[in-house]
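Quick notes on the structure that follows.
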């Protein structure tokens, strides 16, 4: 893995020069740089980030998944209990100013990821870790030129290459801010676009950590259900879930995770062990959804 541009910290310090091969030695050096920069952790519930997080529960697109009110309380209690690094609060505040779409996406992914983790094999996920992963998985997007992120229409091959470096940049930034702590969160920043059949990026691996698998499903769901600069329309919840099911049939996503998400989206909240999913009545997928990479 290599970067196409220099990578700087939020304070303007050069972290990695472009074209540097990302090796274990480079990661070790980055963590050492991070250790020299002392920082505090703050309770998420005491931040502006948490106030914004509270608002996503009123997004009508996710009403079925994030209801009833008891669900909101449970998810907010878990998120609010997280002690998060001051520098990452600074990163997310900058994201809010410069990339409001990405910021809202991060909040949605965090809420849905916590919700899904509680329903999918309860106790399988550490609450602090899954929450941290949700809020920080897309930190690398803050280092992608805004002209590319906001470009209407298709990206060129060169622009696509730059866009697909955002997981690597997120991984490097998280290694700097987190040092040896919360290693899984750094890995989720790197692997949330990987797929179980090896068709993802940036490494094209098949063995993916459970936290990255969970986030990748939710990440794609929100990408489909929200208008993007390169795609002027959003897709319905039904079409988006059908797409995820289609991808799980192709062995790209964990089917049990997708089925659990489908259960949460149903008003009757069917038990995943007993759910019946009709192939006959699936919503027809728009052609672009069967081959497009969601970023």
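Nothing in this text is a laboratory measurement; each read-out follows from the coordinates by a stated rule. Since the model is a prediction, treat every value here as computed from it, not as a measurement. Quick reminder, even Gly has a Cβ in these numbers, built from the backbone with ideal geometry, and neighbours come from all protein chains shown.
Ranked by how many other Cβ atoms sit within 10 Å of their own Cβ, fewest first, the residues 159, 17, 85 fall in the order 17, 159, 85. Packing order of peptides 192-205, 173-186, highest average first: 173-186, 192-205 (average count of other Cβ atoms within 10 Å over each peptide's residues).
This ranking places 166, 105 by how few other beta-carbon atoms lie within 10 Å of each, fewest first, which gives 105, 166. Take each peptide in 207-217, 54-64, count the other Cβ atoms within 10 Å of every residue, and average; sorted highest first, the result is 207-217, 54-64. Angle of helix 24-35 to the longest C-alpha principal axis of the chain, folded into 0 to 90 degrees and rounded to 10: 80°. Exposure proxy for 52, 77: other Cβ atoms within 10 Å of each Cβ, ordered fewest to most, give 77, 52. Distance between the C-alpha centers of the stretch 134-200 and the stretch 230-265? Whole Å please. Between the Cα centres of the stretch 134-200 and the stretch 230-265 lies a distance of 21 Å. Dividing the helix sum by the residues of the chain, where each DSSP H run of 4 or more adds -39500 (n - 2.57), gives a mean residue ellipticity at 222 nm of -15500 deg cm²/dmol.
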